[in-house]
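J.: Below are the structure tokens for one structure; questions will follow.
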Amino acid sequence: MSDDNERDRVTEVLEHLLDPLDRIFPLPGMWHAIACYLFTLLAFCGFVISLTDQRNRQRDADLERVRRASHTQNRAALGSFKNISLQGAEMSAYPREELEEMVERWLAANRRAEEEGDWIRHLGAMYTENAEYGWNMGPNREFIAKGRKQIEDWALGAHMEGFEKWRYPYEKILIDEKQGEVIGIWRQVAPVKREDGSDYEVAGIGGSWFRYGGGYQWCWQRDFFDLGNVRAMFMELAADGKLDASVKQRLRKLALGQALPGVVPIRPGQNLGKKLKAMIAMARTVLLGA
């Protein structure tokens, strides 16, 4: 009898060694193995999320240092974009004839730049030495160039790589001589065509808002366009095998988180947890309407 009890005791010990959770959470059959697998999977996912979040935090910290380093001048530039119309009435009225001549010179220079693919040569000299030029690149990114050198190197140089032969025909020009401002509405047309002969053209409205600085030069410019439609156009060009190699490299850099010259964050980026929360909330809205 004692041998039987000893054998049962050994069997019980072995069972507990094989299934140590049985005393805590008694479950039948293989459920403990499944539970252990799930717990292990969750722990691994948690580790990956934690590691990714740590890398994102480091990247955000780097971006924050860049943002802080240029915070004052960037906010001043962004502020000037918002408040320019309030300042203009008392600062810079010009004869309408002079502004009309400036527009004609600008349009002629754009046509030459399109024909030759050299934007720096034909447009660089049309900005004052301390001019500012910018545009939005998404919910949390702005491009800002301060001074003619940065405008030539960044706006007309680095950011025009792959777009040298694109056309930007102006459809409408609005001149306000009392404030020395001009708004030009233009289109964005790729240098290649579809199989049916139609142009690859970005849908929606694009344009530039200028401030005249005298001497037939702009002292401030702000571009605006539909970023979503630009991305859709890139996707169509890529699908058709007609996307310029330079544009592909630019998109790859953006996907890898590499900064383009002059591009700065507006505010600190979201961490992984907040991004996941936003994705879950959007999925719940789409699937459940909640």
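J.: Using C-alpha positions alone, give me the convex hull volume of the stretch 204-290 per residue in cubic angstrom. Write down the numbers at each step before the final one.
T.: On the way: hull volume 17.6 nm³, N = 87.
Taking only Cα atoms, the stretch 204-290 has a hull volume of 202 Å³ per residue.
J.: Give the shape of the stretch 81-213 as rounded, prolate or oblate, defined through the alpha-carbon gyration tensor: a ≥ b ≥ c are the square roots of its eigenvalues, a/c under 1.5 means rounded, and otherwise the shape is prolate if a/b is larger than b/c and oblate if not.
T.: Cα axes put the stretch 81-213 in the prolate bin.
J.: Loop-only GluC sites (Glu not before Pro) in the stretch 131-238, please: DSSP not H, G, I, E or B, and at most 12 other Cβ atoms within 10 Å. Present the calculation step by step, with values, prior to reporting the outcome.
T.: Values: sites: Glu132, Glu142, Glu152, Glu161, Glu164, Glu171, Glu177, Glu181, Glu195, Glu201, Glu236; in loops: Glu161, Glu164, Glu177, Glu195.
Here the GluC sites (Glu not before Pro) that fit, given the DSSP loop and packing criteria, are Glu195.
J.: Moving on. My understanding is that a pair violates if its Cα-Cα distance is over 29 Å; which of Lys172/Lys193; Lys149/Lys193; Lys172/Lys275; Lys146/Lys193; Lys149/Lys248 do that in this structure? Intermediate results must be reported in sequence, preceding the final value.
T.: Numbers: Lys172/Lys193 24 Å; Lys149/Lys193 34 Å; Lys172/Lys275 40 Å; Lys146/Lys193 35 Å; Lys149/Lys248 26 Å.
Flagged as over cut-off: Lys149/Lys193; Lys172/Lys275; Lys146/Lys193.
J.: To continue, here is another question. Length gain on complete extension for the stretch Ala283 to Val192, per 0.36 nm per residue less the alpha carbon to alpha carbon distance?
T.: Values: separation 91, 0.36 × 91 = 32.76 nm, distance 3.77 nm.
So the chain would gain 29.0 nm between Ala283 and Val192.
J.: In the neighborhood of Gln258, defined by Cβ-to-Cβ distances under 10 Å, what is the net charge if each Lys or Arg adds +1 and each Asp or Glu adds -1? Working shown, then result.
T.: Numbers: positive: Arg250, Arg252, Lys253; negative: none.
The answer is +3.
J.: Just grab the label-to-label distance for Ile266 and Asp240, each label 7 Å out from Cα along the Cβ direction, in nm (one decimal).
T.: Output for this residue pair reads 3.2 nm.
J.: Work through the residues other than Arg194 whose Cβ is under 12 Å from its Cβ and net out their charges, Lys, Arg +1 and Asp, Glu -1.
T.: Net of charged neighbours comes to -4.
J.: Please compute the net charge surrounding His159, taking Lys and Arg as +1 and Asp and Glu as -1 over other residues with Cβ under 14 Å from its Cβ. Don't jump to the answer; show the numbers that get you there.
T.: On the way: positive: Arg141, Arg250, Lys253; negative: Glu142, Glu152, Asp153, Glu161, Glu164, Asp223, Asp244.
Combined, the nearby Lys, Arg, Asp and Glu give -4.
Rule-based calculations on the coordinates, nothing more; no lab input. In this text the structure is predicted, and so the values were computed from the model without any measurement. For neighbour counting, all protein chains shown are included, and Cβ atoms are generated from backbone atoms with ideal geometry for every residue, glycine included.
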